[in-house]
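Here is the structure we will look at, set down as structure tokens.
Only the coordinates and a few stated rules stand behind these numbers; no lab work does. Because the structure is predicted, anything quoted here is derived from the model rather than measured. Glycine also receives a Cβ, built like all others from the backbone with ideal geometry; neighbour counts cover every protein chain displayed.
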Amino acid sequence: MSRGFDELVAEGAAASVDGWDFSWLEGRATEQRPSWGYQRMMGERMAAARAALDVQTGGGEVLAGVPELPPLAVATESWPPNIAEATRLLHPRGVVVVADADEPPLPFADEAFDLVVSRHPVTTWWPEIARVLRPGGTYFSQQVGPASVFELVEHFLGPQPPEVRRKRHPEGARAEAEAAGLEVVDLRSESLCTEFFDIGAVVYFLRKVIWMVPGFTVDQYRPQLRSLHERIEAEGSFAAATTRFLIECRK
């Protein structure tokens with residue numbers, strides 16, 4: 001068991017976490033997808049847009065998969081490895097990739113876009129979204145909901161207080177959007193399942209999704225990793241509830 005643990009942890013620690021591609025986890029973890037099909041719905045809106053902005057594009061993988069892009073398409077990203085990957089994927093399709101700190105203000109003029117999209121933004125700066133949207137424009141986003149994958153988070157950090165577990169609630173997003181002057185035309189949420197089949201997958205996931213366990217390192221959390229490894233070995237996997245919500249707003 002010790003050899004297996006060390007080998008798996010080393011694999012997860014050595015794997016590249018550049019970009020926002022999770023293919024390394026194939027066969028080692030699964031994530032249930034929401035029923036609405038965000039990329040398909042985003043593609044439909046992109047095809048009808050004239051000028052579109054993808055905020056916090058990650059490595060550009062989602063936007064790159066859209067069949068038809070508008071005449072003007074721009075993406076922002078803050079993390080240098082993701083900026084490089086997004087540039088590689090999106091420049092051939094004519095998308096301008098802008099390095100941005102993901103803090104207000106967005107580096108664009110008022111009413112610059114008729115469509116703004118974002119998949120899993122870390123933070124949504126609602127007043128900025130409203131500012132860069134043209135009248136009648138749309139904000140379309142799939143977001144991480146409250147207490148998502150918290151079975152994993154709490155294994156490492158211990159029980160989280162109610163105010164932390166309530167963060168990222170869809171009704172909170174509705175209130176913030178409306179306070180910024182946007183009309184919420186669609187809001188739906190689902191609870192899904194994420195399952196890890198070995199401890200290397202957990203290490204990789206926590207290195208990549210850095211806000212789950214802030215400052216995560218293998219050395220700091222080795223005891224928790226070992227106990228979770230033993231649980232996976234005994235039970236076959238470790239499952240956690242993933243929450244997602246879809247929000248669409250109009251200016």
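Things worth noting here:
- Full-extension gain in nm, Val122 to Arg166, via 0.36 nm per residue minus C-alpha separation: 14.3 nm
- Dipole check for region 58-110: with +1 at the C-beta of Lys and Arg, -1 at the C-beta of Asp and Glu, and the Cα centre as origin, the magnitude is about 260 Debye.
- Overall form of region 70-115 per C-alpha gyration tensor (a/c, 1.5; a/b vs b/c): oblate
- Once both labels are positioned 7 Å from their Cα atoms along Cα-to-Cβ, the gap between Arg174 and Leu157 label points is 2.6 nm.
- Other residues lying with their Cβ under 14 Å from the Cβ of Met46 contribute a combined charge of 0, Lys and Arg counting +1, Asp and Glu -1.
- Label-to-label distance, Ser227 versus His91, with points set 7 angstrom from Cα along the beta-carbon direction: 4.8 nm.
- Highest average packing first - 99-105, 46-52, Cβ atoms within 10 Å: 46-52, 99-105
- Using C-alpha pairs below 8 Å separated by at least 6 residues, the relative contact order for the chain is 24 percent.
- Net length gained if the chain between Ala241 and Ala14 were fully extended (0.36 nm per residue, minus Cα distance): 79.1 nm
- Sites Val184 and Asp6, calculated FRET efficiency, Cβ-Cβ separation with R0 45 Å, nearest 0.05: 0.35
- DSSP bridge orientation in the chain - percent antiparallel, rounded to nearest 5: 60 percent
- Overall shape: oblate for region 65-217, with the ratio a/c of the largest to smallest alpha carbon gyration tensor axis at 1.5 or above and b/c at least equal to a/b.
- In the chain, the DSSP-assigned H stretches of four residues or longer account for a calculated mean residue ellipticity at 222 nm of -10500 deg cm²/dmol, using -39500 (n - 2.57) per stretch and the full residue count as denominator.
- Percent RCO, i.e. relative contact order, over region 145-204, from Cα pairs under 8 Å lying at least 6 residues apart: 31 percent
- Within region 1-42, the GluC sites (Glu not before Pro) that combine a DSSP coil assignment with at most 16 other C-beta atoms in a 10 angstrom radius are Glu26.
- Tensor-based shape of region 9-51 (alpha-carbon gyration tensor, a/c under 1.5 rounded, otherwise prolate or oblate): oblate
- Top positive-direction residue, dipole computed over region 126-251 with Cβ charges, set Ile199, Pro135, Ser148: Pro135
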